[in-house]
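**Q** Here it is: the structure, laid out below.
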Amino acid sequence: QVQLVESGGGLVQPGGSLRLSCAASGRTFSNFGVGWFRQAPGKEREVVAVISRSGVIKNYADSVKGRFTISRDNAKNTVFLQMNSLKAEDTAVYYCAAGTAQTSAADRSYEYWGQGTQVTVSA
């Protein structure tokens, strides 16, 4: 009942910035908590950041704290991930996911997933 489309990925140099967007449609977006996940080549999928339905509660993986910021604009049915000071280790496919729980770091808690957007950090 919810469709998610990520955008904003691309190639960026180390130290650069990107802003990812996750546009939702199909149901009332404010009813869903949202998580950003990523999967790098040869690695397991991992949580990056999560945000509650209202946007008040935000949590981040230790690896991105201080560099990434998750936010949402429920009026526009969109969640963002601002990524600053990017490192080569941030290279991955980034996915957004929505679920009825407020926040969760577990991917099984999210029922709806986008197709992902590639982020490549390289000199």
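**Q** When you check Gly15 against the structure, is it in contact (Cβ under 8 Å) with a residue 60 or more places away in the chain, exposed (fewer than 13 other Cβ atoms within 10 Å of the Cβ), among the small types (Gly, Ala, Ser) and at positive phi, yes or no?
**A** Spelling it out, Gly15 is indeed in contact (Cβ under 8 Å) with a residue 60 or more places away in the chain, exposed (fewer than 13 other Cβ atoms within 10 Å of the Cβ), among the small types (Gly, Ala, Ser) and at positive phi.
**Q** Just to be sure I understand, how many residues within segment 78-115 are in a loop (DSSP other than H, G, I, E, B), open to solvent by less than 50 Å² (accessible area, probe 1.4 Å), farther than 15 Å from Ala24 by Cβ and not hydroxyl-bearing (Ser, Thr, Tyr)?
**A** Residues meeting the conditions: 3.
**Q** Let me ask something additional. Condition first: closer than 13 Å to Leu18 by Cβ and assigned to a loop (DSSP other than H, G, I, E, B). Now tell me which residues in segment 51-77 satisfy that.
**A** Passing the criteria: Val64, Arg67.
**Q** With the requirement that a residue be more than 14 Å from Thr91 (Cβ to Cβ) and either modelled with pLDDT under 95 or exposed (fewer than 12 other Cβ atoms within 10 Å of the Cβ) (or both), what does segment 35-51 give you?
**A** Across segment 35-51, the qualifying residue is only Glu44.
**Q** Starting from residues that are surrounded by 23 or more Cβ atoms within 10 Å (Cβ to Cβ) and in a strand (DSSP E or B), keep the ones in segment 21-32 and report whichever is nearest to the chain's Cα centre (by Cα).
**A** Per the criteria, the residue is Cys22.
The values are calculated or read from the model by the stated rules, or taken from the named source; none is laboratory data. Note that the coordinates shown come from a computational prediction; the quantities given were computed from them, not determined experimentally. Neighbour counts are summed over all protein chains in view; Cβ atoms, including those assigned to glycine, are modelled from backbone coordinates with ideal geometry. These accessible areas exclude ligands, DNA and RNA; they are computed on the full protein's heavy atoms, side chains included. Shrake-Rupley method; radii C 1.70, N 1.55, O 1.52, S 1.80 Å.
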